[in-house]
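J.: One structure follows; several queries about it will come next.
Nothing in this text is a laboratory measurement; each read-out follows from the coordinates by a stated rule. Just so we're clear, the structure is a prediction, and the values are computed from it rather than from any experiment. All Cβ positions, even for glycine, are placed from backbone atoms using ideal geometry, and neighbour counts span all protein chains on display.
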Amino acid sequence: MATGGSSYGGYGYKFVDGEPRDELKCSICTLVLRDPHQVTCCSNRFCKSCLDQIKGKRCPLCRKPIKCFRDGGINREIIALKIHCTNSEKGCKWQGTINET
């Protein structure tokens, strides 16, 4: 079965249905969003841990002060994505959702 991996940045899983669309990826780490937060200044989404690492607390894309909220709708979509086990290269056949890890 897949394990959660690093708690910093996004999810680096191998996805069953191919690479998820760009809207589900963090603009900082470029991985699929983990604990997605949307900034109000330019509506881009970032992993919460990536936002926490920003110095100066300005949006890395538009440079305005960061005001953000947790994006629960996108999070529901992300945790429903089907993934392969992180040990699939060693023969594990498990597939499931991020929520099941």
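J.: I need a count of the residues in the stretch 43-75 that are under 16 Å from the mean Cα position of the chain (by Cα) and surrounded by fewer than 11 Cβ atoms within 10 Å (Cβ to Cβ).
T.: 4
J.: Look through the stretch 15-33, keep the residues that are touching a residue at least 40 places away in the same chain (Cβ under 8 Å) and part of a loop (DSSP other than H, G, I, E, B), and return whichever of them is surrounded by the fewest Cβ atoms within 10 Å (Cβ to Cβ).
T.: Initially, the stretch 15-33 is screened for residues touching a residue at least 40 places away in the same chain (Cβ under 8 Å), giving 15-17, 20, 23-24, 32-33.
Subsequent filtering for residues that are part of a loop (DSSP other than H, G, I, E, B) retains 16-17, 20, 33.
Numbers: V16: 12, D17: 8, P20: 17, L33: 27.
Top of the filtered list is D17.
J.: Filter the stretch 56-99 for residues that are touching a residue at least 12 places away in the same chain (Cβ under 8 Å), assigned to a loop (DSSP other than H, G, I, E, B) and either under 16 Å from C42 (Cβ atoms) or of a type in the set (S, T, Y) (or both) and give the result.
T.: Correct list: C59, P60, L61, C62, K64, I66, K67, D71, T86.
J.: A further question follows. With the condition kept exactly as written, say whether any residue in the stretch 77-84 is surrounded by 15 or more Cβ atoms within 10 Å (Cβ to Cβ), in contact with a His (Cβ under 8 Å, 6 or more places away or on another chain) and not basic (K, R).
T.: no
J.: Something else about it: Picking from I66, I74, I54, I28, which residue would you name as being out of contact with any Cys (no Cβ under 8 Å at 6 or more places or on another chain) and over 19 Å from N99 (Cβ atoms)?
T.: Just one listed residue meets the conditions, I54.
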